[in-house]
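Below is one structure, written out as structure tokens; the observations come after it.
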Amino acid sequence: MITNFDLYRWKKAGMTNLEVNKLLKFFHRYDKKISLRQMGQVAQLKSIPNFIEQYKNQDVIKLREEYKIYPSFSLLDEIYPERLKEIYNPPVLLFYQGDISLLKTPKLAFVGSRQASSQGIKAVQKIVTELNQNFTIVSGLAKGIDTASHLSAIKNKIPTIAVIGTGLDIFYPLENRKIQEYLAKNQLILSEYPVGEKPLRYHFPERNRIIAGLSHGVVVIEAKLRSGSLITCERALEEGRDIFAVPGNIADGFSDGCNHLIQQGAKLIYQAQDILEEYLYD
């Protein structure tokens, strides 16, 4: 029987999330034990000898202590959200702090610029307030629109989930430490990264797929043409999620990404009712 700790060991020995997913599909189809070398072949590892060496050299006692610092759930558990299972390369193992029952609620993602203007923040506050607790707000705890989304949810007593691109013990950005600590105690924080994992550049596109995967739809506010927010929307569209974009000034470039999304078929919104009518009045 495969355990969540097995998943952790495989990743610590060098398997990527995608490679672990390949291995899980094999075990789902064939209920049998295989060697480490065969595991490497099934997962299509680039260097099977490296994986075997790293796996055998693990300090299992120390690794288990590290693994247990934060609770976790995996693709093997019932609590794992069905929507997240549907995406390409779903995270096999997620660590969390807070109220895991929020995973069962309907969710809406908010993404946008880290350099949000006062108008962008006001737009977030307006829409979140008008949603009137119909959705849990999901965002990435970055500066700007993400932070405004979480704070607006808290102010309006709306549940909120932060998906971060570091280990749960890392505060990034550092100025959001108090917010992160509050969410960890009163809301929910998710991460697919182990303790001590730094905010590496490639973590954030990976995090974005989780934000999109958890949610019914994605609300985009103040996104430039080349931004992480648009990457999130691309992932969301690939997974059949709804995209809602707040239009912006055509002169300053801050909302060119939003305006482009609207041109491509995203729903233009200026109030929460524009979102709610897609879900509450079918």
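The values are calculated or read from the model by the stated rules, or taken from the named source; none is laboratory data. Computed from a predicted structure; not experimentally measured. Methodologically, a virtual Cβ is constructed for each residue, glycine included, from the backbone with ideal geometry; neighbour enumeration extends over all protein chains shown. Just the protein is used for accessible areas: all its heavy atoms, side chains included, with ligands, DNA and RNA removed. Shrake-Rupley method; radii C 1.70, N 1.55, O 1.52, S 1.80 Å.
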Query raised in the report: Arranged from highest to lowest average of other beta-carbon atoms within 10 Å per residue, in what order do the peptides 57-63, 80-86 appear?
Result: 80-86, 57-63
**Report entry** Rounded percent of accessible protein surface that carbon and sulfur make up, segment 156-213, 1.4 Å probe
**Finding:** 54
**Report entry** Solvent-accessible heavy-atom area per residue, rounded to whole Å², over the chain at 1.4 Å
**Finding:** 50
Report task. With the full set of protein chains in place, find how many percent of the accessible area of segment 1-121 is carbon and sulfur; take the probe as 1.4 Å. Result -> 50
Report task. Using a cut-off of under 13 Å, list every residue of segment 62-105 whose amide N is near the label point 7 Å from the Cα of THR3 along the Cα-to-beta-carbon line. Result -> 62-68
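Leaving ligands and nucleic acids out of the surface, order MET1, MET15 by accessible area at 1.4 Å, largest first.
MET1, MET15
If R0 is 35 Å, what FRET efficiency do you get for TYR30 and ILE61 from their C-beta distance, rounded to 0.05?
For TYR30 and ILE61, the calculated efficiency is 0.70.
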Report task. Using only Cα atoms, figure out Rg for segment 96-275 and give it as a multiple of 2.2 N^0.38 Å. Result -> 0.93
Query - Loop-located chymotrypsin sites (Phe, Trp or Tyr not before Pro) in segment 1-100 whose Cβ has at most 14 other Cβ within 10 Å (DSSP) - result: TYR30, TYR88
Report task. Go through LYS11/LYS143; LYS12/LYS198; LYS143/LYS224; LYS12/LYS62; LYS122/LYS143 and tell me which ones have a Cα-Cα distance over 21 Å in this structure. Result -> LYS11/LYS143
Query - Formal net charge of residues neighbouring GLN44 (Cβ-Cβ distance under 15 Å; K, R +1; D, E -1) - result: +3
Report summary line: Expected field for LEU36, accessible surface area in Å² at 1.4 Å probe radius, rounded to 10, holds 40
Report summary line: So the angle from the long Cα axis of helix 203-214 to the longest Cα principal axis of the chain, reported in degrees to the nearest 10, equals 70
Report summary line: Quick calc, ARG201 & LYS12: beta-carbon distance into FRET formula, R0 25 Å, rounding 0.05, result 0.75
Report task. Let me have the relative contact order for segment 96-275, percent, based on Cα pairs under 8 Å that are six or more residues apart. Result -> 24
Query raised in the report: Roughly speaking, what is the stretch gain from ILE69 to LEU280, that is 0.36 nm per residue apart minus the C-alpha to C-alpha distance, in nm to one decimal?
Result: 72.0 nm
**Report entry** By average C-beta atoms within 10 angstrom, highest first, the peptides 148-160, 121-133
**Finding:** 148-160, 121-133
**Report entry** Rounded to 5, percent antiparallel among DSSP beta bridges of the chain
**Finding:** 25
Requested in this report: Please give, to one decimal in nm, the separation of the simple spin-label points placed at LYS22 and GLN125, each 7 Å out from Cα toward the Cβ.
Outcome: 5.0
Report summary line: CD proxy, 222 nm, the chain: helix-only mean residue ellipticity via -39,500 (n - 2.57) per DSSP H run with n ≥ 4, per residue, nearest 500, stands at -12500 deg cm²/dmol
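Between ALA184 and GLU53, what FRET efficiency comes out of the Förster formula 1/(1 + (r/R0)^6) with R0 = 30 Å and r the beta carbon distance, rounded to 0.05?
Calculated value: 0.25.
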